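Here's the structure we're looking at; comments come further down.
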Amino acid sequence: MAQSIKLIVYPAKDLEGAKVLFGKFLGVEPYADAAYYVGYRLNDLEVGLDPNGQDVIAYTEVADIKVTLKTLLEAGATMHQDIKDVGRGLLIAQVKDANRNVLGLRQSPK
């Protein structure tokens with residue numbers, strides 16, 4: 001099922017302050033810098049800042065997001081965000097476990 005964690009998204013109510021801190025911490029400039037999302041690439045990991053986020057979410061790369069989502073829901077997870085294309089065929093979804101932790105799923109374009 002899970003292949004590797006490819007993306008970690010942090011809530012950032014103070015987006016400008018977070019950009020300064022994460023830029024220094026990661027030592028790289030953002031590849032995406034918009035009012036709704038700031039993204040940094042660090043080797044194979046993407047670190048994102050979301051001004052509308054509520055939770056830190058780690059997105060795990062999966063081969064088939066539909067199958068993985070179905071399996072997790074059958075195992076007791078609840079839907080938090082259904083599958084959506086966030087651009088260029090990149091699919092994401094979110095579920096919550098019994099402890100209300102948000103688990104992110106991510107399927108790269110084929």
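The values are calculated or read from the model by the stated rules, or taken from the named source; none is laboratory data. Just so it is clear, the model here is predicted, and its values are computed rather than measured. When we count neighbours, we look across all protein chains shown, and the Cβ atoms used for this are built from the backbone with ideal geometry, even at glycine.
If only residues of segment 38-60 that are of a type in the set (D, E) and more than 10 Å from the chain's Cα centre (by Cα) are counted, the one that is nearest to K19 (Cα to Cα) is D55. Residues in segment 26-37 that are surrounded by 11 or more Cβ atoms within 10 Å (Cβ to Cβ) and either within 14 Å of the chain's Cα centre (by Cα) or not in a loop (DSSP other than H, G, I, E, B) (or both): L26, A32, D33, Y37.
Answer with yes or no whether K66 is loosely packed, with under 13 Cβ neighbours inside 10 Å, out of contact with any Phe, Trp or Tyr (no Cβ under 9 Å at 6 or more places or on another chain), over 23 Å from A32 (Cβ atoms) and modelled with pLDDT of 95 or more. When the stated conditions are applied, K66 does not pass them. Evaluate segment 95-102: report whether one residue or more is within 26 Å of K19 (Cα to Cα), surrounded by 12 or more Cβ atoms within 10 Å (Cβ to Cβ) and either in contact with an Asp or Glu (Cβ under 9 Å, 6 or more places away or on another chain) or modelled with pLDDT of 95 or more (or both). Within segment 95-102 (the criterion being within 26 Å of K19 (Cα to Cα), surrounded by 12 or more Cβ atoms within 10 Å (Cβ to Cβ) and either in contact with an Asp or Glu (Cβ under 9 Å, 6 or more places away or on another chain) or modelled with pLDDT of 95 or more (or both)), the answer is yes, since at least one residue qualifies.
Taking segment 44-80 as the search range and keeping residues that are among the charged types (D, E, K, R) and assigned to a strand (DSSP E or B), which one is nearest to V9 (Cα to Cα)? Out of the qualifying residues, it is D50. The set of residues in segment 45-75 that are closer than 18 Å to Q3 by Cβ and acidic (D, E) comprises E46, E61, D64.
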